[in-house]
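Beneath this line is the structure, given in C-alpha cells, with notes to follow.
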Amino acid sequence: METTSSKKRLLALDVMRGITIAGMILVNNPGAEPYTPLEHAKWIGLTPTDLVFPFFMFIMGITTYLSLSKSNFKFNRKTGFKILKRAALIWIVGLALAWMFMFADAWLSPDNANLPFLQKFCVSCNTLDHIRILGVLPRLGICYGLSALIAVTMKHKYIPWLIAVLFIGYFIILITGNGYAYDHTNILYKFDVAVMGENHIYKWDILDPEGMLSTIPALGHVLIGFCVGKLLMEVKDLNDKIERLFIIGVLLTFSGLLLSYGCPLSKKIWTPTFSLTTCGLASSTLAILVWCIDKKKYVGKITRFFESFGVNPLFLYVLADLLAFPIGIIPFTIGGQQTTLHALSYGSLWQPLFGDKGGALAYALVYVLICWCIGYILYKKKIYIKL
C-alpha cells in the first residue's frame with residue numbers, strides 16, 4: 001500500500017497552484033479581443049476563466065494550514081506580526097502596481113504631453129486621490145491575513161460554523177440589498193462608494209469585483225481551503241487523501257449547483273454558491289492531480305512547467321503585470337508611427353496568422369511562456385521569492 005507522511009508536501013499542490021497562476025496571467029494578458037473561453041461571465045454564470053482565481057484562493061487556504069501547522073497553530077506576538085506583515089506586503093504590492101499603471105496612464109496622456117518635464121512628473125505621481133484601493137492582490141492579502149489569524153485564535157472545530165455564518169450573512173445582505181442587480185442600486189456598489197469613495201473603486205464595470213462586502217464570502221472561501229487542508233493532512237495514506245478530496249469535491253460542487261437556483265453563481269459578486277461550486281471543483285481537480293502526480297508518479301516536462309509557476313506564484317503574477325510596461329504601455333516610433341511591442345506583435349504576426357480571437361490566444365500563450373522562462377530560471381536555481 002502506498003503511503004506518504006502526513007507532513008510531506010504534495011507535489012500536486014505546487015503544480016495546481018502553478019496552473020492557476022499561469023491561468024491568471026493568461027486571462028489578464030490577451031492580444032486584443034479575448035478568446036471566448038478566456039472571458040469572465042459578464043454577471044451571472046460561470047466560465048472556465050472564472051475558476052482560476054477561486055482555485056488559487058482554495059489552494060492558499062490549504063497552504064495556510066500547512067504553514068501554520070509548523071508552529072502548531074500557537075498564537076504569539078511573533079506569529080501575529082508575521083501574518084500581518086505578509087498580508088500588508090501583498091496589499092501594498094497591489095497598491096504599488098495600481099499606482100504604477102496610473103502613473104503611466106497620466107504620463108502618456110495627451111493632456112499632459114506639453115507640460116514641462118518636472119510638472120509632468122509631479123502630475124503623473126499625484127494619482128493617489130483616485131487610486132483603486134482593492135483588487136486581486138489586496139483581496140489575497142486581506143483573506144490570507146484574516147484566515148491565518150482565525151486559524152491561530154479559534155478552535156478549528158468551529159471554523160466550519162464560521163464559514164456558514166459568513167455565507168448566510170452575506171446571502172442576507174444580497175437579498176435585502178438588491179445585491180443581484182447589475183446597476184448602481186446594488187448594495188455592494190453603494191457600500192464601496194460610501195466607505196471608499198467613487199474614485200477608489202473599479203471603474204471598468206458596474207461595481208468592483210473585489211469590493212469590500214464580497215470579501216466576506218471570499219474569506220469563507222479561503223477557510224474552506226483551510227478545512228480541506230486539515231482533513232487532507234490528518235490521514236497518511238495517499239488513497240485516503242484522494243478519497244477525501246473527491247468526496248469533499250462532489251459534496252461542495254453539488255451543494256453549490258443545487259443552491260444556485262436560489263442564489264445564482266456569480267464571480268462579480270462572489271456569491272456563496274460560487275464559492276461552494278468552485279471550491280468543490282478545485283478539490284476534485286486536486287484529487288485527480290494527487291492521483292496522477294503523487295500516487296502514479298506521472299511527472300515530467302508538463303508538471304515541471306507548472307511547478308515553475310507554483311513555487312514562485314505571486315512573484316510571477318506581479319512580474320506579469322510589470323512586463324506590461326515595456327510590452328504593452330511604453331510606446332516607440334517605427335516607420336513614423338507610434339506603437340508598442342504588444343500592438344506590433346499582435347497586429348503584424350498573431351492576428352494575421354490566427355485571426356482576431358485566435359491571435360489574442362496566441363499572444364496570451366506567448367506572454368505566459370515569457371513569464372515561465374523567468375520562473376524556470378528561478379526554479380532551477382532553487383530561488384524562491386515569497387510575498
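Taken along the Cα-to-beta-carbon direction at a fixed 7 Å, the label points for S109 and F73 span 5.0 nm.
Cα centroid separation, segment 213-244 to segment 51-125: 25 Å. An oblate overall shape is assigned to segment 4-123, the ratio a/c of its alpha-carbon gyration tensor axes (a ≥ b ≥ c) being 1.5 or greater and a/b not exceeding b/c. Could you tell me the relative contact order of segment 11-380? Use alpha-carbon pairs under 8 Å, at least six residues apart, and round to a whole percent. Relative CO of segment 11-380 lands at 28 percent. Packing, as the average of other Cβ atoms within 10 Å across residues, places the peptides 225-238, 294-307 in the order 225-238, 294-307, highest first. Residue by residue, segment 121-130 carries 3J(HN,Hα) couplings of 5, 5, 4, 5, 6, 7, 10, 5, 6, 9 Hz when phi is fed to the Karplus relation 6.51 cos²θ - 1.76 cosθ + 1.60 (θ = phi - 60°); x denotes Gly or Pro. Over all directions, the projected convex hull of the C-alpha atoms in the chain averages 21.6 nm² in area. Neighbour counts of other Cβ atoms within 10 Å put L369, L166, L289 in the fewest-to-most order L369, L166, L289.
With a threshold of 20 Å on the Cα-Cα distance, the over-threshold entries among K85/K386; K241/K295; K155/K230; K203/K267; K241/K380 are K241/K380.
Read-outs throughout are calculated quantities, based only on the coordinates presented, and are distinct from any laboratory measurement. Predicted, not measured: the structure shown is a model, and the values here were computed from it. In this analysis, Cβ positions are derived from the backbone assuming ideal geometry, glycine residues included, and neighbour counts consider all displayed protein chains.
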